[in-house]
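Report on the following structure.
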Ligand code: GCU
């Protein structure tokens, strides 16, 4: 039986791979960073998340609705992205809120949600997802959302606060891209790339890769919408979807800013610390999230050629924000902080500031340098406090 370690004294000694030394042992200068970046990205593809196919998919869009919202402060749109020539699944429904007061193209935030777009807002006319839902409760019966599911995740989506600060916010249901269960990749978008029941190879993408691919398709859409400034989009995600926003931002440098909210193991937390959730545990509970090769590092973290500080470093020199929660020990807050800290050297090499902190800051004392970090009180969640800090950070680094 797996028992998580929550004692700092039982964290083993470990040595992290150096993002600024190549696999051949050569020191990396700022002019070499592009090459080293490609090497690290390829290591994450092969050993952690799996390669994303580069076969282009023609995306068709359909406006499903467009209306005033929030008492006229916002305009709401629902845009469906079809990935085939048929009007059938798989498709991705983007729910978008734009500030009515905006003049010109607006910057904003995009992130996937856990329970369907209808869960992020109490507004009763948003499309109720008929897609498979993993969670039970909160208006979900037999893995299907009911009307009672409306607004059940609204506290995690500070839509009105975001609008009040002049940003766009867009979200989509992760299950539109790939339902969150281990089905041998036979539904969602995987079959578009692996036909006739074929499965991804050991170094090819799993579910997180599919979700990250979807965030990039949202960005493709923003590039075609003249109300949205696609060059100033922050990719944001919580928990498994924070692992996803990091992986999307690593692969797709069009994301101007990347936010990891309580992303934990396989996200911002250092795997070698083996504190809280471990690689072995995550691969056992969620065998579909990463590539099969990642299983080689179950109880064998030191053998992995990368650790998660190198994922943060793949954002450099773009602003990146890592957030933890005090009671979220499963996600290893200190391990999340240390990833941000050990990515700092790459930012400095590239001539920007990195993380302006040596040690973990106290609760609710955000650091807002080019690498941002905070730990707030409370548990595993996304709160208004988190969103307010992300907007402060975006005001500094993306406005
Ligand atoms: C589980 C899982 C975590 C994940 C979290 C979530 O706790 O073990 O890795 O981040 O779910 O997505 O909420």
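I need the helices (runs of 4 or more DSSP H) fully contained in segment 307-399, keeping only those with at least 2 residues that are more than 19 Å from the chain's Cα centre (by Cα). Let's see the steps before the verdict.
Working: elements: 308-313, 333-349, 384-397.
Answer list for segment 307-399: 333-349, 384-397.
For the structure I just gave you, tell me whether residue 379 is under 29 Å from residue 114 (Cβ atoms) and crowded, with 16+ Cβ neighbours inside 10 Å.
Values: under 29 Å from residue 114 (Cβ atoms): yes; crowded, with 16+ Cβ neighbours inside 10 Å: no.
Criteria not met by residue 379.
If you scan segment 289-307, which residues turn out to be under 24 Å from residue 177 (Cβ atoms) and touching a residue at least 60 places away in the same chain (Cβ under 8 Å)? Show your work before the answer.
Kept after step one, since they are under 24 Å from residue 177 (Cβ atoms), are these residues of segment 289-307: 289-295.
Across segment 289-307, the qualifying residues are 289, 290, 291, 292, 293, 294.
Of all residues in segment 258-274, which are more than 13 Å from the ligand (Cβ to nearest atom) and either free of Cβ contacts under 8 Å to residues at least 12 places away in the same chain or in contact with a helix residue (DSSP H, G or I) (Cβ under 6 Å, 6 or more places away or on another chain) (or both)?
From segment 258-274, those more than 13 Å from the ligand (Cβ to nearest atom) are 258-259, 270, 272-274; that's our starting set.
Hits for segment 258-274 are 258, 259, 270, 272, 273.
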Selection within segment 117-141 - without any contact (Cβ under 8 Å) to a residue 24 or more places away in the chain and farther than 18 Å from residue 178 by Cα
137, 138, 139, 141
Every residue from segment 141-154 that is closer than 16 Å to residue 124 by Cα and outside any loop (DSSP other than H, G, I, E, B)
145, 147, 148, 149, 154
Could you check segment 338-361 and list, in sequence order, the residues that are in contact with a helix residue (DSSP H, G or I) (Cβ under 7 Å, 6 or more places away or on another chain), surrounded by 19 or more Cβ atoms within 10 Å (Cβ to Cβ) and farther than 24 Å from residue 278 by Cα?
346, 349, 354, 355
Just name the residue that is farthest from residue 238 (Cα to Cα) out of those in segment 103-140 that are touching a strand residue (DSSP E or B) at 6+ places or on another chain (Cβ under 8 Å), within 16 Å of the ligand (Cβ to nearest atom) and not in a loop (DSSP other than H, G, I, E, B).
119
Can you report the number of residues in segment 305-320 which are within 16 Å of the ligand (Cβ to nearest atom) and surrounded by fewer than 22 Cβ atoms within 10 Å (Cβ to Cβ)?
0
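At pLDDT 95 or above and touching a helix residue (DSSP H, G or I) at 6+ places or on another chain (Cβ under 8 Å): does that describe residue 284? Working first, answer last.
Details: at pLDDT 95 or above: yes; touching a helix residue (DSSP H, G or I) at 6+ places or on another chain (Cβ under 8 Å): no.
So residue 284 does not fit the description; no.
Could you please find all residues in segment 289-304 being assigned to a helix (DSSP H, G or I) and more than 16 Å from the ligand (Cβ to nearest atom)?
First pass over segment 289-304, keeping only residues assigned to a helix (DSSP H, G or I): 292-297, 301-303.
Correct list: 292, 293, 296, 302, 303.
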Looking only at segment 321-337, and only at residues there that are more than 21 Å from residue 280 (Cβ to Cβ) and touching a helix residue (DSSP H, G or I) at 6+ places or on another chain (Cβ under 6 Å), the one that is farthest from the ligand (Cβ to nearest atom):
321
Can you work out which of the residues in segment 275-288 that are near the ligand (Cβ under 8 Å from one of its atoms) and in contact (Cβ under 8 Å) with a residue 12 or more places away in the chain is farthest from the chain's Cα centre (by Cα)?
281
Selection within segment 67-95 - surrounded by fewer than 12 Cβ atoms within 10 Å (Cβ to Cβ) and in a strand (DSSP E or B)
68
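The values are calculated or read from the model by the stated rules, or taken from the named source; none is laboratory data. The shown structure was predicted, so the numbers you read here are calculated from the model rather than taken from an experiment. Positions of Cβ are generated from backbone atoms using ideal geometry, with glycine treated the same way; all protein chains shown enter the neighbour counts.
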